[in-house]
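Bear in mind that the values in this text are calculations on the coordinates, not laboratory data. Please read all numbers here as calculations on a predicted model, not as lab measurements. A quick note on method: Cβ atoms are made from the backbone with ideal geometry, for glycine too, and the neighbour counts reach across all protein chains shown.
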Amino acid sequence: MPRLAAERWEMSILNHKLEEIYDEYFRAATLHPNWPEDLIHQAAIVGEEAGELLQAALKYTYEDGTRAAIRKEAIQTAAMCYRLLINL
């Protein structure tokens, strides 16, 4: 695949992933509108999501977990990272 075509393909994938993260951010913000003001609790929420991502990866590797579960947790983790970043 020529370089320009590969870059366009990668940007298309990236844009799709960013849309999913953005959608999850708005879903979470609607469900949980009260975001903590202090960074410790904000980071704890990100850490909780990252822990769930790790659990999904462990389950996939050692049990009967799915890549879909990993993907879901990765999107949720990224959305909470985004929420922390925009509140800095």
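Were the residues from K59 through A43 laid out at 0.36 nm apart, the gain over their Cα-Cα distance would be 3.4 nm.
Which percent of the Cα-Cα distances in the chain go past 21 Å? Within the chain, distances greater than 21 Å cover 43 percent of Cα pairs. Here the relative contact order of the chain, from alpha carbon pairs under 8 Å that lie six or more residues apart, stands at 34 percent.
Electrostatic bookkeeping for R71 treats Lys and Arg as +1 and Asp and Glu as -1; over the other residues with beta carbon under 12 Å from its beta carbon, the sum is 0. Loop-located GluC sites (Glu not before Pro) in the chain (DSSP state not H, G, I, E or B) with no more than 10 neighbouring Cβ atoms inside 10 Å: E37, E63. Between R71 and A5, the distance separating the two model label sites (each 7 Å from Cα on the Cα→Cβ line) works out to 2.4 nm. In the chain, the calculated helix contribution to ellipticity at 222 nm averages -29500 deg cm²/dmol per residue, counting -39,500 (n - 2.57) for every DSSP H run with n ≥ 4.
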